[in-house]
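Just below is one structure, and these are the notes that go with it.
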Amino acid sequence: MSSTLTATFPASPDPAARALTRKCDTTGLNVCLEAERFIKFNAVSAVVFLLIGGIAALLLALTRWQAVHLLRVDWFYRILTLHGLNMLIFWILFFEVAVLYFACTTPLNARLFSAKVAWAGFAQMVTGALMVNYIILKGQADVLMTSYLPLLAHPLFYLGIILVATGTLTGVFNFFATLYVARRDRTYEGSVPLVTFGATAAAIIAVVTLLHGAIVMIPTFTFSMGWTAQPDPMWYRMIWWGLGHQSQQVNVCAMVAVWYLIAQLATGARPINETVCRTAFLLYVLFINIASAHHLLVDPAVGATWKIWNTSYAMYLAVLASMIHGFTVPASVELAMREKGHTKGLFGWVVALPWRNPAFAGAVLSVLIFGFIGGITGVTLGTQQINIIAHNTLRITGHFHATVVGGTSLAFMALAYYVIPLIFRRDFIWRPAARIQPWLFGGGILLVSLGMSFAGSMGVPRRIYDIDQSGAFGAAAHLMLGVMGLGALAAVAGLLLFVLLCVGTILAGERNEGRPMADWGVASTLAGAREGSLADDHWAVKGTVALTAVFLVCFAVYYFANWKALADVWPVR
């Protein structure tokens, strides 16, 4: 196997380690039984919180869709808080801890550092998440995910978030300790696989992110208890975004690692240049915190020089990392397909891809939605002048639904089609429905993101319960809110189908112990193809170059259309 997935193993692993592992019948890799247990616990918990957040999403969409307007105003903000915490924090963090435990053990032929530490981390995370959800549903934390001061929630709300943060930090510590022990005991040779390297970058960013969370949430908790004075709201807002935005960049690192992994499993793709890929992950570590500034571009407490430097210059080093991955992932797939003999025209290799594999289809949709919708809108909204006319509109939510949901969540769902059969040792039930699920969910999220973005371009504000009373919005804005609502119906149907498939498989799927898991499908090799023959051909990825050109044209058109809109708002005199 390529180093994307596995390192080189020594010839004689430790016999004691063998006693605490099992050999995977599909990959031939050794799976640590302790890590397997906590991968299961964290993955199942993640799916539960995904379900809670998904139901909340449907209620919110049917409320913002003014023709339906489902919830009362108090329940709208309550459910909005519930949705944000469960979808952006709990679902993502639990799944990422599961990914970390996999990445530090199986690819490295290593054992988890400590089951006790894993138990401590998992217990804190579950306790905190349940505590937060209970307080929200009880109506004592209608403060949205950002919980900006001077809005104040019940103390258990803040304590629950602190517990989730400390529990995640505990899991991250276990990850780093496992990496150290694996290196010390030489369970592998050479450099760590790319999937482990990407997970390490995510873990480093997670440490910085969660420390921001501790800095901002601990004094807010003590204030809610009456022990200390109220923290300054401007200070709170700035430090909070070191948690709020960076937490999504932990997702980006994990998501990209999943892209590389699924590309290899489904097509045999190898990164064209691993050094470049690893450098891109390093750019995330060094510069992604700076990107948090784009949430503060309308904040009067921050100076214009700092805003412009961070968002108009330094932030683009993090954007460069995403653009590198956005090119190297499809380029590696194209090269692999052409080496398999699919050389007809610019895009003949695209037709031959394993589209019936839900993991691969989900990963491709994740790349496209994240890049074309989330990436283009994100860079545009990170421009200070454009941000001023867009910041408090639905354009912002349209952007991060494309990145976090269409990008990260869809990638994690795609990974589950491999992880569940490998870890739970059961084949998926209802496989025809599984092949539809990524398209249903991805298509729905695409409509949600586009509906929000266009409605926001017409001035529809975010976090507002009712826009009808103002009379400021015409039929076009209401049409776009309807598109958002229809997209939410499709996306939540895809989410519920995913949950049904996962739970049904865990409970009733056919066991695959003693045999490889049922194959989802891999890219075929045509007769007479010569493996590796195109490695030095710089035009072997001409299809990806063409797609990149399309992306750049889309970006240029959207970017300058925003400057035209800005000129209409602020005419030159």
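Every number in this text was worked out from the coordinates using simple rules, so none of it is lab data. Keep in mind it's a predicted model, so treat the numbers as computed, not measured. Neighbour counts run over all protein chains shown; Cβ positions are idealised from the backbone, glycine included.
Candidates Ala361, Pro432, Gly509 compared by Cα position along the dipole of the range 354-511: farthest toward the positive end lies Gly509, with charges placed on Cβ. Here the label points at Ala314 and Leu282, each 7 Å from Cα along the C-beta direction, are separated by 1.9 nm in the simple model. Mean sequence separation of contacting Cα pairs (under 8 Å, at least six apart), scaled by the length of the range 354-511, corresponds to a relative contact order of 31 percent.
Treating r as the C-beta distance of Arg183 and Ile464 and R0 as 51 Å, the FRET efficiency rounds to 0.45.
The phi-based Karplus calculation (6.51 cos²θ - 1.76 cosθ + 1.60; θ = phi - 60°) puts the 3J(HN,Hα) values of the range 491-502 at 5, 5, 4, x, 5, 4, 5, 4, 4, 4, 5, 5 Hz, whole numbers, x for Gly and Pro.
For Thr26, the amide hydrogen comes within under 5 Å of the amide hydrogens of Met517, counting only partners 5 or more places away or on other chains and with H modelled in the peptide plane. The amide H of Arg426, built 1.01 Å from its N in the peptide plane, has Asn512 as neighbours under 5 Å, considering only residues 5 or more places off or on other chains. Extension gain, Ala475 to Val569, is 31.7 nm, computed as 0.36 nm per intervening residue step minus the present C-alpha separation.
The HN-Hα couplings worked out from phi for the range 239-247 by the Karplus form 6.51 cos²θ - 1.76 cosθ + 1.60 (θ = phi - 60°) are 5, 4, 6, x, 8, x, 7, 5, 4 Hz, whole numbers, x standing for Gly and Pro. When +1 charges are put on Lys and Arg Cβ atoms and -1 charges on Asp and Glu Cβ atoms, the dipole computed for the chain relative to its Cα centre reaches about 380 debye. Extension gain for the segment Thr222 to Ser524, taken as residue separation times 0.36 nm less the Cα-Cα distance, is 102.7 nm to one decimal.
Pairs of Lys residues in the chain, spaced 8 or more positions apart or belonging to different chains, with C-alpha separations under 24 angstrom: 6 in total. Can you give the FRET efficiency for Val44 and Ala229, using 1/(1 + (r/R0)^6), R0 = 30 Å, r = Cβ-Cβ distance, to the nearest 0.05? After rounding, the FRET efficiency stands at 0.10. Dividing the helix sum by the residues of the chain, where each DSSP H run of 4 or more adds -39500 (n - 2.57), gives a mean residue ellipticity at 222 nm of -21500 deg cm²/dmol.
Mean separation of Cα pairs under 8 Å and 6 or more residues apart, divided by the residue count, gives the chain a relative contact order of 16 percent. Asp299 label point, 7 Å along Cα→Cβ, cut-off 19 Å on backbone N: hits in the range 229-273? So the set is 230-250. Qualifying trypsin sites (Lys or Arg not before Pro) in the range 146-222, where qualification requires a DSSP coil assignment and no more than 14 other C-beta atoms within 10 Å, comprise Arg186.
One decimal place: the segment Trp430-Trp306 gains 39.3 nm when fully extended, by the rule 0.36 nm per residue minus the C-alpha distance. Across the range 357-374, computed HN-Hα scalar couplings (Karplus, 6.51 cos²θ - 1.76 cosθ + 1.60, θ = phi - 60°) run 7, x, 5, 5, 4, x, 5, 4, 4, 4, 4, 5, 5, 4, x, 6, 9, x Hz from first to last residue, x flagging Gly and Pro. Using R0 = 35 Å, the C-beta based FRET efficiency linking Tyr134 and Val550 works out to 0.15. Database remark: amide H of Thr393 closer than 5 angstrom to the amide H of Arg462 (H placed geometrically; neighbours at sequence offset of 5 or more, or on other chains; Pro and chain starts carry no H). Which Cα, out of Ala254, Ala120, Leu211, lies furthest along the positive dipole direction of the range 113-256 (beta carbon charges, K/R +1, D/E -1)? The residue sitting farthest along the positive end of the dipole is Ala120. Note on the range 354-511: dipole from Cβ charges, positive end direction compared against Ile389, Phe412, Gly459; the farthest Cα belongs to Phe412.
When the label point is put 7 Å from the Cα of Val557 along its Cα-to-beta-carbon vector, which residues of the range 446-476 have a backbone N closer than 17 Å? Those under the cut-off are 450-451, 454.
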